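The block underneath contains the structure these notes are about, expressed in structure tokens.
The values are calculated or read from the model by the stated rules, or taken from the named source; none is laboratory data. All figures in this text were calculated on a predicted structure; none of them were measured in a lab. Cβ placement follows ideal geometry from the backbone for every residue including glycine, while neighbour counts extend to all protein chains displayed. Surface areas here come from the heavy atoms of the whole protein model, side chains and all, with no ligands, DNA or RNA. Shrake-Rupley method; radii C 1.70, N 1.55, O 1.52, S 1.80 Å.
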Amino acid sequence: MAQPTTPNAVAAQRERLGEQLRAYGSAITELGRRFAVSLGVHSTDAFALLEICAAEERDAPLSPALLSKRISLTSGAMTALLNRLEQAGYITRTREHADRRIVTLRGSGNIKQLADAFFAGPNAQQDAVLARYAPEVLDQLETLLAELRATLDTGLAGNQ
């Protein structure tokens, strides 16, 4: 793998990559905002729903505490958000662990089908782009993004 040869070249590459990641993040945020509108909920609620559904798909359902870390909400704000989602019929809170104090969040009703239908077009378009690249290249990109995120997470943990 070719490496930029000077510190300035590395910094310039980081800036270009950062700009593309910020633009992609903005597009994802706008898509999430539109999903929220389609459900008639606040965008924070929609992002929480997406996190809950994604965690369930990975077989790693979230607790309210883990969700609050993922979307950066205080425990009071998280409780209000979960109450709204539960009242709307989008989630359930269950006690599945031996420790009955632990609450597990689950998508309920047809929220997964609503999300799948809403994101089907954009996901298909992104899949078409990804299909043009060799799996090895995509694996390298995943590794790069994970390493970049880890450096930021480490820095953020040190600045608390």
Max mean-square fluctuation residue, GNM over the chain, Cα-Cα springs under 10 Å, options Asp116, Asp139, Asp127: Asp139
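Can you tell me, using C-alpha contacts under 8 Å and at least 6 residues apart, the relative contact order of region 85-155 as a whole percent? Write out the running numbers ahead of the final one.
Working: 36 pairs, mean separation 12.3, N = 71.
Contact order relative to length: 17 percent.
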Relative contact order %, the chain, counting alpha carbon pairs below 8 Å whose residues are six or more apart: 14 percent
Region 91-108 and region 1-42: distance between their alpha carbon centers, rounded to Å: 33 Å
Accessible solvent surface per residue of region 19-152, calculated while the other protein chains remain in place, 1.4 angstrom probe, Å²: 65 Å²
Magnitude of the charge dipole, the chain, Cβ model with Lys/Arg +1 and Asp/Glu -1, debye to 20: 500 debye
For Ile91, residues with placed amide H under 5 Å, excluding near neighbours: Glu86, Ser108
Between 0 and 90°, nearest 10: helix 75-87 axis offset from the chain longest Cα axis: 60 degrees
Estimated vicinal HN-Hα couplings, Hz - region 148-157 in sequence order (Karplus 6.51, -1.76, 1.60; Gly, Pro = x): 5, 4, 4, 5, 5, 4, 5, x, 5, 5
Sulfur and carbon atoms: percent of accessible area, the chain [1.4 Å]: 57 percent
Residue list for region 1-41, given a label point 7 angstrom along the Cα-to-Cβ vector of Arg84 and an amide N cut-off under 15 Å: 33-41
Orientation-averaged projected area, Cα convex hull of region 63-131 (nm²): 6.4 nm²
Which label in [x] 38, 13, 11; [y] 33, 21, 16; [z] 25, 18, 16 gives the computed semi-axes √(5λ) of the Cα gyration tensor in Å: [y]
